[in-house]
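Everything on this sheet refers to the single structure shown next.
The values are calculated or read from the model by the stated rules, or taken from the named source; none is laboratory data. Remember, it's a predicted structure, so these values are computed and weren't measured experimentally. Cβ placement follows ideal geometry from the backbone for every residue including glycine, while neighbour counts extend to all protein chains displayed.
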Amino acid sequence: EAVKLYPFIQRVADKMALAFQEKGIHFEYRCPSSLSLQIDPNRFEQVLVNVLDNALKYSKRGGHVRLDVEEKSKHVLITVADEGIGIPEEDVPFVFERFYRVDKSRARSSGGSGLGLSIVKEIVEAHGGTVKLESKVNKGTMITIELERDIEQ
Ligand code: ATP
Ligand code: MG
């Protein structure tokens, strides 16, 4: 299904905006207005919600979270960057595995099952895309999703 990206992103971002506001985190998004993509909107909403939920959960009050959609010649890049607690280098390779959570011993106030990113990866790959994560402890985390553009555009 060809989905117009701007209204789609806006709708998902609006759903999350209150949660960011309540935690005192500055949330911004940017997306070109003319872009359409072949995606399953319900499944892809789950992708964005899972990634934004992490950015929210693992950020501190006063932090910034940015969602950016960028048009490349053959691809669309969707990035979500936060300024949160980050992930130790040795854990980064495993975060897309099911039930993997960093720092299991220290009971985090933020609950979760460790499934969010495994679902993200599954859905993005089902769309023919890729997802990667870069992170630095106490600096922040960035997720990059790369999808192929519509051929008919
Ligand atoms: P769920 O998403 O199922 O509620 P979860 O958030 O713990 O639980 P994932 O979303 O799969 O699980 O993330 C796996 C782990 O990676 C998290 O437990 C957390 O340790 C780490 N992580 C993911 N995103 C971030 C982020 N933006 N900042 C810091 N750590 C993160
Ligand atoms: Mg999660």
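Of note:
- The sole residue among Glu70, Glu90 that is over 22 Å from Glu146 (Cβ atoms) and acidic (Asp, Glu) is Glu90.
- Residue pairs meeting the criteria (Cβ under 7 Å; at least 6 apart or on separate chains; first more than 14 Å from Thr144 (Cα to Cα), in segment 110-133; second in a helix (DSSP H, G or I) and of a type in the set (Asp, Glu)): Gly116/Asp53
Every residue, every condition in (1) more than 14 Å from Val80 (Cβ to Cβ); (2) within 16 Å of ligand 2 (Cβ to nearest atom); (3) of a type in the set (Gly, Ala, Ser), yes or no:
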| residue | (1), (2), (3) |
| --- | --- |
| Val3 | yes, no, no |
| Arg11 | yes, no, no |
| Met16 | no, yes, no |
| Lys23 | yes, yes, no |
| Tyr29 | no, no, no |
| Asp40 | yes, no, no |
| Val47 | no, yes, no |
| Asp53 | no, yes, no |
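- The combined condition, being surrounded by fewer than 17 Cβ atoms within 10 Å (Cβ to Cβ), closer than 23 Å to Arg66 by Cα, modelled with pLDDT of 95 or more and not polar (S, T, N, Q), is not fulfilled by Glu146.
- Unique residue being over 20 Å from Glu148 (Cβ atoms) and within 16 Å of ligand 1 (Cβ to nearest atom) when the list is Ala17, Ala55: Ala55
- Single residue of segment 109-141 satisfying the filter (in a loop (DSSP other than H, G, I, E, B) and near ligand 2 (Cβ under 9 Å from one of its atoms)) that is modelled with the highest pLDDT: Leu115
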